[in-house]
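**Q** Before I ask anything, let me first share the structure, which is written out below as structure tokens.
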Amino acid sequence: MASSFMSQWVYTDTVKDHFMNPRNLWQENEDFEPDGVGEVGSLACGDQMRVGIQVEDGRIKDLRWLTYGCASAIASTSMMSEMAIGMTLEEAYHLTPTMIMDKLGGLPEHKFHCSVLGDKALRAAIDDYLEKNNLPNPYKNKVAKVMCECKNVTDVQIEELVKSGKVHTFEELQELTGVSTVCGKCRNRIKEELEELLHIYSK
Amino acid sequence: MRNVYLDNNATTPMAQEVIDLMKDNVELYGNASSMHRSGRDADTAVEWARGEIAKLIHADPKGIVFTSGASEANNFVFLTFRDLIDEGYKRNRIITTSIEHPCIEETSKYMNQRGYKVDFLSVDRSGKISLKELEEKLGDDVALVSIMTANNEIGTIQPIKEACALAHRAGAYFHTDATQAIGKIEVSVEDLDVDYVSMSGHKFYGPKGVGVLYARPGVPLRPLIHGGHQEHGFRAGTYNTLAIAGMGEAARLAAQSIKEEHDYLWSLREKLRKGIEERIPNVVINGHPTDCLPGTLDVSFPCAEGESILLYLDMEGIQVSTGSACATGSLEPSYVLLACGVDVEIAHGSIRFSLGRYNTEEDIDYVLEKLPPIISRVRMMSTRKEQK
């Protein structure tokens, strides 16, 4: 039926391209021996990501990934894989969702959540590689961002607490770290961050 | 590219007959409440439509109240009982189910937050309520029972006649949201004995923005929109004449063809179901195997995520919907599937095919050709490989 209104696709052309032709997928029959593997996400929020890396001379030589996730998750991980290959571990560790999103030409606001898993899985893979090879991990605390200035609590600390299952609610987080018990300015910011982390690491 | 529209539970295209009638009457500008000729012409159209809709559901035309859609009709009923309770009605509890459309689910939550009492019936794996649970929950404090005729996501049809009899025996009024059932299965007010029915024009090949609340003459009703004498003062606002006439024509067509259409849609649905089960390993069919809307098929593909499937199908011109969280913008998958006790992962991987009057056997063949490679592809990319 005829109409004078024509829609664009849901996402940008770049997202569409990566969705239709994902790069560096981890094929089952492929002989890819990873030096480090990271997995994040949970089925509760419908996103799970696995990243495997090969490291040579302190650089990401090659990378493969798999995802149980939506179009944004597929496209942002595919884009992340292209960006990360060739980077030094330090550069790769500092890849952010915003950098990936910019390369994709943007994602709708409610889809931001889907793009944060790729770089998290990549960092987890680097952590895994360093740990397996008994190498020091100089990046982990450097990327940390102070979330509560009064109590000097970083996002990495909060993430660790959620990951290890020690924190399930904002109240538990306050009890353990004292966040947002002094000036309270960080309250909303931390609540948002916590909600995100709980979704990623629950189950 | 072929265009295969399989999202008829979201909305249907208008029937050609409806389009023709609306085109022919697009200059019918009179206000149906005016006494002069153009007003009377518009009023004739409204009353004709009222009669056709009443015939479709075997109801008294005097009980038909035009609204902007089924969401308004459902709010109308619930907020009527809120007002009744505020006025000191001796009964103050409402019973509904955990799988109603959001316009009832959210209205119920809104009322609960404000101190009213709305209880939710559970459903089994197939989406059916238990009459026993309803009987146990009923009491002399229950004012209203509201149960949808058929579910929009999984298509499960509820035992409305039996549930209504139980409610009436306990002295409660009975409402059914029949939005998805109208035009697909017979909904007869006479036979079911229900007091209120909600429906929407665009779910059965009529226009959008128009719906009906049927309220049996004499049952409680309080205006939702104040400010006019239209619909006996229950629903103010100038009549949306053209849309109402279009809905009337859609009702006339539905009444004519309901039996043939039911059988036709069920045969297409079964062809699709069998084809999927034959061609794709490890699939889960949601909803009730037989007490199901003829055109609705809800399927989960474990290890594959729903939004990706939806968008790969869209690239092939096949339009469906999903219960995955990703498609809704929230982080939770379909609450209907979760209420049925379906595993979260299965819910995220659900696809709803909803067939309609204008789908053909060739459409189904096309889906059966395009779907299997898409599922293998999404599963190949997935972190989840285990067969559950």
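**Q** Report the charge-dipole magnitude of chain B in Debye, nearest 20, computed about the Cα centre from +1 at each Lys and Arg Cβ and -1 at each Asp and Glu Cβ.
**A** On the way: 41 positive and 55 negative charges, 91 e Å.
Value, rounded to 20: 440 debye.
**Q** A further question on this structure: Debye calculation, C-alpha points only, no solvent: report log10 I(q)/I(0) for segment A:20-97 at q = 0.22 Å⁻¹, in the same order as the q values.
**A** -1.06
**Q** Indicate the gyration tensor shape class of chain B (rounded, prolate or oblate), computed on the Cα atoms with a ≥ b ≥ c the square roots of the eigenvalues: a/c under 1.5 is rounded; otherwise a/b larger than b/c is prolate and the rest oblate.
**A** Numbers: a/c = 2.09, a/b = 1.31, b/c = 1.59.
Oblate.
**Q** Excluding residues on the same chain fewer than 8 positions from B:Lys259, give the lysines whose Cα lies under 19 Å from its Cα.
**A** B:Lys55, B:Lys184, B:Lys203, B:Lys271
**Q** So for the protein assembly as shown, taking the charge dipole from beta-carbon charges (+1 Lys/Arg, -1 Asp/Glu), which of B:Gly51, B:Gly323, A:Met147 sits furthest toward the positive end?
**A** Going by the charge dipole, the pick is B:Gly51.
**Q** Where in chain B are the helices, taken as whole DSSP H runs, whose Cα atoms extend 30 angstrom or more along the long axis and whose Kyte-Doolittle mean reaches at least -0.5? Working shown, then result.
**A** Working: long enough: B:241-279 (48 Å, -0.55); B:361-381 (31 Å, -0.11).
Span-like helices here: B:361-381.
**Q** Using 23 Å as the Cα-Cα cut-off, could you pick out the over-long pairs in B:Lys109/B:Lys161; A:Lys16/B:Lys370; B:Lys132/B:Lys161; B:Lys62/B:Lys90? Walk me through the numbers before you get to the answer.
**A** Values: B:Lys109/B:Lys161 26 Å; A:Lys16/B:Lys370 19 Å; B:Lys132/B:Lys161 14 Å; B:Lys62/B:Lys90 27 Å.
From the list (B:Lys109/B:Lys161; A:Lys16/B:Lys370; B:Lys132/B:Lys161; B:Lys62/B:Lys90), the Cα-Cα distance tops 23 Å for B:Lys109/B:Lys161; B:Lys62/B:Lys90.
**Q** Treating cross-link reach as a plain straight distance, find the lysines whose alpha-carbon is under 20 Å from the alpha-carbon of A:Lys151, omitting any fewer than eight places away in the same chain.
**A** A:Lys140, A:Lys142, A:Lys166, A:Lys185, A:Lys191
**Q** Also: Can you give the percent of C-alpha pairs in the protein assembly as shown whose distance is more than 49 Å?
**A** Values: 37854 of 174345 pairs.
Roughly 22 percent, once rounded to a whole number.
**Q** I've got another one for you. With only Lys, Arg, Asp and Glu charged, each at its Cβ (+1 for the first two, -1 for the last two), find how big the charge dipole of the protein assembly as shown is about the Cα centre; round to the nearest 20 debye.
**A** Details: 63 positive and 87 negative charges, 186 e Å.
Dipole size: approximately 900 debye.
**Q** Roughly what would the spin-label model give for A:Val143 and A:Lys61, points 7 Å off Cα along C-beta, in nm?
**A** 2.2
**Q** Right, next: Which one, B:Ile285, B:His226, B:Tyr205, is farthest towards the positive end of the dipole of chain B when Lys and Arg carry +1 and Asp and Glu -1 on their Cβ?
**A** B:His226
**Q** Could you compute Rg(Cα) / (2.2 N^0.38 Å) for segment B:1-124, with N its residue count? Don't skip to the answer; put the middle values down first.
**A** On the way: Rg = 19.8 Å, N = 124, 2.2 N^0.38 = 13.7 Å.
Relative to the rule-of-thumb radius for its length, segment B:1-124 sits at 1.44.
**Q** Eigenvalues of the Cα gyration tensor times 5, then square-rooted: what semi-axes does that give for segment B:69-167, in whole angstrom, largest first? Write down the numbers at each step before the final one.
**A** Numbers: eigenvalues 92, 53, 25 Å².
Here the semi-axes work out to 21, 16, 11 Å.
**Q** Under 8 Å for C-alpha pairs, at least 6 residues apart: give me the relative contact order for segment B:1-70, rounded to a whole percent. Can you show the working numbers first?
**A** Working: 34 pairs, mean separation 9.7, N = 70.
Computed value for segment B:1-70: 14 percent relative contact order.
**Q** Quick one: if the Förster radius is 45 Å, what FRET efficiency do A:Asp102 and B:Tyr110 give, using the C-beta to C-beta distance and rounding to 0.05? Could you put the intermediate results ahead of the total?
**A** On the way: r = 40 Å, r/R0 = 0.89.
For A:Asp102 and B:Tyr110, the calculated efficiency is 0.65.
**Q** With a ≥ b ≥ c taken as the square roots of the eigenvalues of the C-alpha gyration tensor of segment B:204-250, please select rounded if a/c is under 1.5 and otherwise prolate if a/b is larger than b/c or oblate if it is not? Numbers along the way, then the final one.
**A** Numbers: a/c = 2.67, a/b = 1.56, b/c = 1.71.
Since a/c reaches 1.5 but b/c is at least a/b, the shape of segment B:204-250 is classed as oblate.
**Q** For the pair B:Asp60 and A:Asn21, what calculated FRET efficiency results from E = 1/(1 + (r/R0)^6), where r is the Cβ-Cβ distance and R0 = 60 Å, to the nearest 0.05? The partial results should precede the final answer.
**A** Working: r = 60 Å, r/R0 = 1.01.
My answer for the efficiency is 0.50.
**Q** Once Rh for segment A:12-142 is found with the Kirkwood sum over Cα pairs, what is the Stokes-Einstein diffusion coefficient at 10 °C and 1.306 mPa s, in µm²/s? Numbers along the way, then the final one.
**A** Details: Rh = 14.6 Å.
The Stokes-Einstein estimate is 109 µm²/s.
**Q** Once you charge only the Cβ atoms, +1 for Lys and Arg and -1 for Asp and Glu, what is the size of the charge dipole of chain A about its Cα centre, to the nearest 20 debye?
**A** Values: 22 positive and 32 negative charges, 111 e Å.
The dipole magnitude comes to about 540 debye.
Coordinate-derived values only; no laboratory data. As the structure is a computational prediction, the values presented were derived from the model and not from experiment. A quick note on method: Cβ atoms are made from the backbone with ideal geometry, for glycine too, and the neighbour counts reach across all protein chains shown.
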